[in-house]
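Working notes, structure below.
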Amino acid sequence: MAPSLPQELRAIALELDPQITTDVTAKPPPLNGSVCPEEYHKGVDTTWYRNFVQAPCDDAPPFREVVTVLLSTKGWAKGRVATVLYNIRKYYDVNVVVLTYGATSGGGGAAPPPATLGVGVSVQASSADTLASAAINKAVAKVKTPFVLVSDSLTHFSGDLCSLERLVRVLEQESEAAAAGGSYRTLDGTWRHGCLQRRMENYQLAYVSGYEHSRHDCMFCDDILGPLVARTAVLRNVTLRESLEGPAMMRDWFVNLRLAGNLTLACPDVMFFVDAAPTMGRRAWLEVASRWAVQSVWPHDGDKLEFSCGEVKIKCVDIMTLVSSFLVPPCCRQAMRHELGFVQECAEKLGLYVELQSGSLLGAVKTDGILPWDFDMDVITDCKEHKVWIKNGTKCLSRKGCRYIQKHGYWMTRCKVSFVDIWCRPNIRKYLPQEYRGVPTRVNYNGRMVNVPPNPALVARNHYGPNYLRHEVHWRYKHKGPWNHCLTPGSHACLENFPSDGNVRFMNFARQLFGRTLTPVPDPPPLYFPPSAAKARAAGPEKGPSIVHMRQA
């Protein structure tokens, strides 16, 4: 069960019965003794800063046995370490681990000698080329407290505005939560709550700033932008990827955290002082996209990014095996569509007719293009043109790098990525009215117009029978149920993560967000009417076919 599901069910219950709510005056549940509980005393402080107070208790251990502070100081200016340390120790008696990386920018920001930093402060030095991820993982392995505050962006600290006890308390109240962060304020005074929602599926990754559910006055998030307090045990189990650094390192970690079944919260009333908002350019996003094999990324603070197969290390090979439980990557579908275009181009060059059939036609009806679980293309020609195809069409295709293979009852053109099965059938356009037979029905198929039967959906329904609009795995891999179990559970491309009905989830994210156009939608092409209909209209509607009246309407 997804860790967010209980919160979603609770929100639904609240809509059904408004009495299902949280009483803020009620006593909090007993804790594990790490921190004392807090109480709300309305009206005690008219400045609205101290109406929540920590109640006295006798069973809470010293805070230094609860939280360790871990500061990664790569790139810090000289004196910054001492400033941050002084202000943390001003409010909290905690152990602090300072990670240094040789010579740094800003005049050498390595921490002063440990002896000058005070009791409980240790320095772990690494070479300048050591990635922060590797240094943090190494340091976390030595932490002895159940919680650790991790940050590489602090510039100051105020216990009046940032209650570490609050974050620990929330983590103990939410047993499935692995990390809790707060809001942040940058050097230019900008404040952000730092909570992101993430969606990753079908080779797409999108972020939006905001929250859908809250509890304990904290937001449930998929990702947190600011410093955070995490469970030490979780940080050891879900380590930082040691090939990444900075914001890319954290975006990757939060994906892994959710896949491991952990929740994350952001308590915006807890505020950290940081240097700047974490931003990522195309190169940093490419590191994340390459790790998770996504081709489209929508950052929460920038424009959409597109990456090629090569950039994210996707290889369009063995697609037939891939579709047993995965969706085909968009770049591979694009390559398949490109090779289908070879057949179209040769047909146009030779004056021959070709249209989609079978699974390719079904994709045109259901998903406006290649079915994301299909691996071959299916087209049909007029049998009276079959000899011309074999004589000249195969030569045309061979010049495009495709080879001709004769099969029983049909022939195949095998290209670099995919293959196209070509059948023939007589009189394939006879169902169109006489005046329309010179203008075949066409659909926009993955961005390019292609011929289809006069009524493509009618043919698809008669071909596949009842429930043809529902989905199921390719017939070569059909098992019980619509989809097979995924070979890599948790992957955003697993077929079993998708519904077996509907087409919206298989579309580009921009097309799924109703009422919000992220990419321009071109105007539809003007309607075309054959010369016979135009002449009839000129002669008068009473003498022309009904299509004239339809056009006027």
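The values are calculated or read from the model by the stated rules, or taken from the named source; none is laboratory data. Keep in mind that this is a model prediction, so the values were computed, not measured. Neighbour counts run over all protein chains shown; Cβ positions are idealised from the backbone, glycine included.
Of the residues Glu472, Glu496, which single one is part of a helix (DSSP H, G or I) and either at pLDDT 90 or above or within 22 Å of Glu355 (Cβ to Cβ) (or both)?
Glu496
Here are Leu259, Leu265: which of them is of a type in the set (A, V, I, L, M) and touching a helix residue (DSSP H, G or I) at 6+ places or on another chain (Cβ under 9 Å)?
Leu265
Could you grab me the full set of residues in the range 179-219 that are touching a Leu at 6+ places or on another chain (Cβ under 6 Å) and either closer than 26 Å to Val143 by Cβ or free of Cβ contacts under 8 Å to residues at least 40 places away in the same chain (or both)?
Ala179, Ala180, Gly181, Gly194, Cys218
Please indicate, with yes or no, whether at least one residue in the range 473-483 is surrounded by fewer than 17 Cβ atoms within 10 Å (Cβ to Cβ) and touching a Ser or Thr at 6+ places or on another chain (Cβ under 7 Å).
First, pick out the residues of the range 473-483 that are surrounded by fewer than 17 Cβ atoms within 10 Å (Cβ to Cβ): 475-482.
Remaining after also requiring touching a Ser or Thr at 6+ places or on another chain (Cβ under 7 Å): 477, 482.
Within the range 473-483, one or more residues are surrounded by fewer than 17 Cβ atoms within 10 Å (Cβ to Cβ) and touching a Ser or Thr at 6+ places or on another chain (Cβ under 7 Å).
So, of the residues in the range 290-305 that are within 10 Å of Tyr203 (Cβ to Cβ) and out of contact with any Lys or Arg (no Cβ under 8 Å at 6 or more places or on another chain), which turns out to be surrounded by the fewest Cβ atoms within 10 Å (Cβ to Cβ)?
Top of the filtered list is Trp292.
Considering only residues that are under 28 Å from the mean Cα position of the chain (by Cα) and touching a residue at least 40 places away in the same chain (Cβ under 8 Å), which ones fall in the range 443-482?
Asn444, Tyr445, Asn446, Gly447, Arg448, Leu469, His471, Val473, His474, Tyr477
Could you look through the range 197-222, keep only residues that are in a strand (DSSP E or B), within 12 Å of the chain's Cα centre (by Cα) and of a type outside the set (Lys, Arg), and pick out the one that is nearest to His492 (Cα to Cα)? Give the steps one after another, and end with the answer.
First, the residues of the range 197-222 that are in a strand (DSSP E or B): 197-201, 204-209, 214-215, 218-221.
Subsequent filtering for residues that are within 12 Å of the chain's Cα centre (by Cα) retains 197-201, 204-208.
Keeping just the survivors that are of a type outside the set (Lys, Arg) gives 197, 200-201, 204-208.
Numbers: Gln197: 16, Met200: 6, Glu201: 4, Gln204: 8, Leu205: 9, Ala206: 12, Tyr207: 15, Val208: 18 Å.
Within the range 197-222, the match that is nearest to His492 (Cα to Cα) is Glu201.
Which residue is surrounded by the most Cβ atoms within 10 Å (Cβ to Cβ), if the candidates are limited to the range 394-406 and must be touching a Lys or Arg at 6+ places or on another chain (Cβ under 9 Å) and in a helix (DSSP H, G or I)?
Looking at residues that are touching a Lys or Arg at 6+ places or on another chain (Cβ under 9 Å) and in a helix (DSSP H, G or I), I get Leu397.
Being more than 21 Å from Leu225 (Cβ to Cβ), under 28 Å from the mean Cα position of the chain (by Cα) and either of a type in the set (S, T, N, Q) or assigned to a helix (DSSP H, G or I) (or both) is the filter here, so list the residues in the range 141-182 that pass it.
Ser175 - this is the single residue of the range 141-182 that is more than 21 Å from Leu225 (Cβ to Cβ), under 28 Å from the mean Cα position of the chain (by Cα) and either of a type in the set (S, T, N, Q) or assigned to a helix (DSSP H, G or I) (or both).
Starting from the range 220-241, take each residue that is of a type in the set (Asp, Glu) and list its partners that are not in a strand (DSSP E or B), counting only C-beta distances under 8 angstrom and pairs at least six apart or across chains.
Asp222/Phe254; Asp222/Arg258; Asp223/Met250; Asp223/Arg251; Asp223/Phe254
Residue by residue through the range 423-467, note down the ones that are under 27 Å from Trp411 (Cβ atoms) and hydroxyl-bearing (Ser, Thr, Tyr).
Listed by number, the residues that qualify are Tyr431, Thr441, Tyr445, Tyr464.
When you look at Asp59, is it modelled with pLDDT under 80, surrounded by 10 or more Cβ atoms within 10 Å (Cβ to Cβ), farther than 23 Å from Leu265 by Cβ and of a type outside the set (A, V, I, L, M), yes or no?
no
If I ask for residues that are part of a loop (DSSP other than H, G, I, E, B), surrounded by 14 or more Cβ atoms within 10 Å (Cβ to Cβ) and of a type in the set (S, T, N, Q), which ones from the range 35-54 would you list?
Correct list: Asn51 only.
Hey, among Ala13, Ala26, Ala2, which residue is modelled with pLDDT under 75 and closer than 26 Å to Asp222 by Cα?
Ala2
Does the range 242-274 hold any residues that are outside any helix (DSSP H, G or I) and among the small types (Gly, Ala, Ser), and which are they?
Ser243, Ala260, Gly261, Ala266
Residues that are small (Gly, Ala, Ser) and surrounded by 14 or more Cβ atoms within 10 Å (Cβ to Cβ): does the range 427-438 have at least one?
There is no residue in the range 427-438 that is small (Gly, Ala, Ser) and surrounded by 14 or more Cβ atoms within 10 Å (Cβ to Cβ).
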